[in-house]
Structure formats: structure tokens, C-alpha cells
1. Do we find a residue being of a type in the set (A, V, I, L, M, F, W, C), outside any helix (DSSP H, G or I) and under 15 Å from the mean Cα position of the chain (by Cα) anywhere in segment 125-132?
2. Looking at Thr45 and the list (1) surrounded by fewer than 15 Cβ atoms within 10 Å (Cβ to Cβ); (2) at pLDDT below 95; (3) farther than 23 Å from Phe124 by Cβ; (4) not basic (Lys, Arg), which single condition is not satisfied?
3. Within segment 10-25, does at least one residue satisfy the condition of being modelled with pLDDT under 85 and closer than 23 Å to Trp113 by Cα?
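The values are calculated or read from the model by the stated rules, or taken from the named source; none is laboratory data. Keep in mind the model is a prediction, meaning the values are calculated, not measured. A quick note on method: Cβ atoms are made from the backbone with ideal geometry, for glycine too, and the neighbour counts reach across all protein chains shown.
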Amino acid sequence: MNTSFSHALFLFLALSLTVIGFAGDEALRSALEQANKGEVESAITELKKISEKNPGDARVHQSLGFLYQTNDQVNEAIQELEKAVSISPSPEALYSLGLLYESKWLSSNDNSWKSKAHSSWGRFLKEAPPNHPRRSIAEKHLNKLNQN
């Protein structure tokens, strides 16, 4: 399985799990169902509207972050995922932030991104349960950052 497909599958599964969490909120469920159908732009538009009404809902920011990440809108993804983590950290958001920060560091060689990646991977490992399927990958990323 190639890396981009694996990451896309992870995001799809994360969004699918998020849909389950929104069982009582039709607008959120509808927006995430749009995303899972590939209607990413429409889903982003709807989630932004929901975010304006519910700025303290970490699930909305996390979902927006995942969609921006899927759409290669890295800066927007980082902004939304940082909001989500500041409200209510989740392993999925921390994992995605680790990937995004590391990508920014590798493309810019700006060590502030490396520091953020290191922090995000460390927080992921603290927050994620021992049996989390991405735990060993996060450990590898953290070890590589420690070597550089």
C-alpha cells in the first residue's frame, strides 16, 4: 500500500468515525457524508458555516483540518487542526499535525516546523492508546526527528 493511499484511507476512516460521533447533529453528519462522497469543497463550505455557529466544537475544526489536508491546503489544515487540539486533543488530530509539521520542515528546512513536529508526535504518543494502529509509525517519525 503506497503512502498517499494509506494516508487517504486514514483520513477517510477518521472522517467516517467522526460521522458516527455526529449522530444527533444533522448538519454535521450531512457535511461529512458529502466529504465521504468526494464532495470536498461542498463539505468544507458547510463545515465553515457550522464552525461560525459553533467555534468551540473541536470535531468541526478537526474535520475541516482533515478535509483541507486531503485537499493539499496545508496551511489551512494546520490552522484548523491546531484549533481542534487546543479545544480537545485527539490522537488523530495530533497525528495529522505531526505529518503536516514534518512536511513543512522538510520543504522549508525551518527548524521551528521540526520542533512543532517533534512536539506533536510526542503528544500523540502520550494521548494515543497503546494499541493505536498508527503508534509505531509515530514512533518512527519521532526517532527520525531525534536523529536529525
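1. Yes, the conditions are met somewhere in segment 125-132.
2. In the conditions (1) surrounded by fewer than 15 Cβ atoms within 10 Å (Cβ to Cβ); (2) at pLDDT below 95; (3) farther than 23 Å from Phe124 by Cβ; (4) not basic (Lys, Arg), Thr45 misses (2) alone.
3. There is at least one residue in segment 10-25 that is modelled with pLDDT under 85 and closer than 23 Å to Trp113 by Cα.
Each row is one residue, and each column tells you yes or no for (1) of a type in the set (Asp, Glu); (2) closer than 22 Å to Glu26 by Cβ; (3) surrounded by fewer than 20 Cβ atoms within 10 Å (Cβ to Cβ).
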site: Gly38; (1), (2), (3): no, yes, yes
site: Lys49; (1), (2), (3): no, yes, yes
site: Asn54; (1), (2), (3): no, yes, yes
site: Phe66; (1), (2), (3): no, yes, no
site: Glu82; (1), (2), (3): yes, no, yes
